[in-house]
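No value in this document is a laboratory result; all are computed from the given coordinates. Please read these numbers as outputs of a predicted model, since none were measured by experiment. Cβ coordinates were reconstructed from backbone atoms using ideal geometry, including for glycine residues, and neighbour counts include every protein chain displayed.
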Amino acid sequence: MFVRPCWRPQSPSDIRQIIEENPWALLVSQSEEGPLATNLPFVVEKAGDEEQLVLISHIARANEHLQNLRETTTPVLVIFEGPWSYVTASWYPDRQMPSTYYYTAVHCYGQIEFQDEPELDQSLEDLVNRMESKYPGGWKTNEIPRSEITRRFAGITGFRLRVSRIEAKFKLGQDEPLRDALAVADALDTHEAPQDRKLAAMIREQNTGR
């Protein structure tokens, strides 16, 4: 990924935040016929060494991508997409900059390790609790018979990805005049979409100190 020095996040916590707030990601690996890609939910494994980023997910056993993951010896890639927006030149004070996109993305490379059934069970519980926590009265797995959970294990395979390399790009106007970047943030703040307002906050954060 092409990343100018000014587009690098200001801290590792900025990277972790993109991953944790945008868990729906794209898993990519290489096959003899070309790339294979599958959209999956990823959560950060909290246990163990906090210095080592480990991502947890699962994939359908009927997915042909799974066999490729079992056989590959090269790193795979998980792509996380954070807040983004088209930026119209009409938002700039002098309207002299061309329209562009502001966006955030994190690319995680690493090796796949497959889980046994107890690990998969715990990972699914963690995933449900994480996703349901934002809903008042969110659903719990104990609301249905245990067998309704375990019978699904035969159809999925859990895995973890130990991240060995990260590329992160926060293209948020750092290479433009500061007043232009802040004007974009002001424009986005007038929108009702939470992602636009989140992007506005990130623009201000990543341009601090200029």
Of everything in the stretch 169-187, what is within 22 Å of M1 (Cα to Cα) and either in contact with a Ser or Thr (Cβ under 8 Å, 6 or more places away or on another chain) or surrounded by fewer than 14 Cβ atoms within 10 Å (Cβ to Cβ) (or both)? Give them in sequence order. K169, F170, K171, L172, D175
For the stretch 85-125, how many residues are part of a helix (DSSP H, G or I), surrounded by fewer than 15 Cβ atoms within 10 Å (Cβ to Cβ) and not polar (S, T, N, Q)? 4
Yes or no: R160 assigned to a strand (DSSP E or B), touching a Cys at 6+ places or on another chain (Cβ under 9 Å) and either among the basic types (K, R) or surrounded by 11 or more Cβ atoms within 10 Å (Cβ to Cβ) (or both)? no
Output the number of the condition that I203 fails; it satisfies all remaining conditions of (1) in a helix (DSSP H, G or I); (2) farther than 21 Å from F2 by Cβ. (2)
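Picking from Q67, Q30, Q17, which residue would you name as being surrounded by 13 or more Cβ atoms within 10 Å (Cβ to Cβ), free of Cβ contacts under 8 Å to residues at least 12 places away in the same chain and not in a loop (DSSP other than H, G, I, E, B)? Break it down into steps so the answer makes sense when it comes.
Numbers: Q67 fails: surrounded by 13 or more Cβ atoms within 10 Å (Cβ to Cβ); Q30 fails: free of Cβ contacts under 8 Å to residues at least 12 places away in the same chain.
Step by step, each of Q67, Q30, Q17 is checked, and only Q17 is surrounded by 13 or more Cβ atoms within 10 Å (Cβ to Cβ), free of Cβ contacts under 8 Å to residues at least 12 places away in the same chain and not in a loop (DSSP other than H, G, I, E, B).
On the basis of being part of a loop (DSSP other than H, G, I, E, B) and of a type outside the set (K, R), does T208 make the cut? Outline the logic, then answer.
Numbers: part of a loop (DSSP other than H, G, I, E, B): yes; of a type outside the set (K, R): yes.
The answer is yes for T208.
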The residue from T208, T190 that alone is β-branched (V, I, T) and over 13 Å from C6 (Cβ atoms) is T190
The stretch 163-184 - residue that is over 21 Å from the mean Cα position of the chain (by Cα) and not in a loop (DSSP other than H, G, I, E, B) and, of those, nearest to Q96 (Cα to Cα): D180
